Amino acid sequence: MSMTQKRNARLRMLDSALDLFHRYGVNGTSVDQVLKKSKTGKGQFTLYFKTKEGMVRGTIQHLHEMIQTGQTPTGYDLKSWSDFESWFQKFIDFQDSIGCERSCPLGTIAADLTRENQPARNDVMQFLEWSRGKLTAFFQKKKTAGELIPAAQPQQLADFCISIMQGGMLLSKLRRDTEMFQNSASLAIQYIRTLRRTGKRNSI
């Protein structure tokens, strides 16, 4: 088997695992289901991952890489207020596009992890800190530019937004509609607009 074929087999396994973990959770997905969906074998599974936890970790890292490199439209490359206000909408649009049948993939995976899965939990936390950092950096840049009031706390605003996004994704799945998510995102945007400096609110 060539190196390209090997990479393709591993990628198929990761993509299949991500889809199944996102849909059914880690506990609701078996290795055999991943192998069947990816059209790979147990020998390849052993070669690349060895254990199911190894596959879970590989899947989390794979998703993180796709988000970091912009292969999925999550909108973390924030430069303007318009970018920020579109950030919530990207997640709402995603929920609408799939009929609200899933929540956040990382949230779904993390919900099944226990203390015994600490390495995988660390991988999830690494992504959380990355996403938190991206939002914090955006708010800090706007504050430094004088576009936020001095009392605004960039990291607290980032935590506020991530909590609303994660809760909104889950509630959309539970209700099979995005109404609560849209309402919460709209109020979050309105609140953050009140923190923007007078005369700067129309800047992009």
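It is to be established whether one or more residues within region 39-55 are part of a helix (DSSP H, G or I), under 26 Å from residue 97 (Cα atoms) and not aliphatic (A, V, I, L, M). The answer is no, given that none of the residues of region 39-55 is part of a helix (DSSP H, G or I), under 26 Å from residue 97 (Cα atoms) and not aliphatic (A, V, I, L, M). Scanning region 21-30 for residues that are open to solvent by 30 Å² or more (accessible area, probe 1.4 Å) and in a helix (DSSP H, G or I) gives 23, 24. Does residue 99 count as on the phi > 0 side of the Ramachandran plot and at pLDDT below 90? When the stated conditions are applied, residue 99 does not pass them.
Table: residues versus (1) in contact with an Asp or Glu (Cβ under 9 Å, 6 or more places away or on another chain); (2) open to solvent by less than 20 Å² (accessible area, probe 1.4 Å); (3) modelled with pLDDT under 95.
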{"position": "1", "(1), (2), (3)": "no, no, yes"}
{"position": "12", "(1), (2), (3)": "no, no, no"}
{"position": "19", "(1), (2), (3)": "no, no, no"}
{"position": "32", "(1), (2), (3)": "no, no, no"}
{"position": "38", "(1), (2), (3)": "yes, yes, no"}
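Considering only residues of region 47-63 that are without any contact (Cβ under 8 Å) to a residue 40 or more places away in the chain and charged (D, E, K, R), which is surrounded by the most Cβ atoms within 10 Å (Cβ to Cβ)? Going through the qualifying residues, I end up with 52. Exactly one residue among 133, 58 is of a type outside the set (S, T, N, Q), modelled with pLDDT of 95 or more and over 14 Å from the mean Cα position of the chain (by Cα), and that residue is 58. Taking helices (runs of 4 or more DSSP H) as the structural unit, those lying wholly within region 93-204 and holding at least 3 residues that are over 26 Å from residue 56 (Cβ atoms) and open to solvent by 30 Å² or more (accessible area, probe 1.4 Å) correspond to 118-144, 154-175, 179-194. For region 72-82, which residues satisfy the criterion of being open to solvent by 60 Å² or more (accessible area, probe 1.4 Å) and over 12 Å from the mean Cα position of the chain (by Cα)? 77, 79, 82, listed by residue number.
The values are calculated or read from the model by the stated rules, or taken from the named source; none is laboratory data. Note that the coordinates shown come from a computational prediction; the quantities given were computed from them, not determined experimentally. Note that we place each Cβ from the backbone using ideal geometry, even for glycine, and neighbour counts take in every protein chain shown. Accessible surface areas use protein heavy atoms only, side chains included; no ligands, DNA or RNA. Shrake-Rupley method; radii C 1.70, N 1.55, O 1.52, S 1.80 Å.
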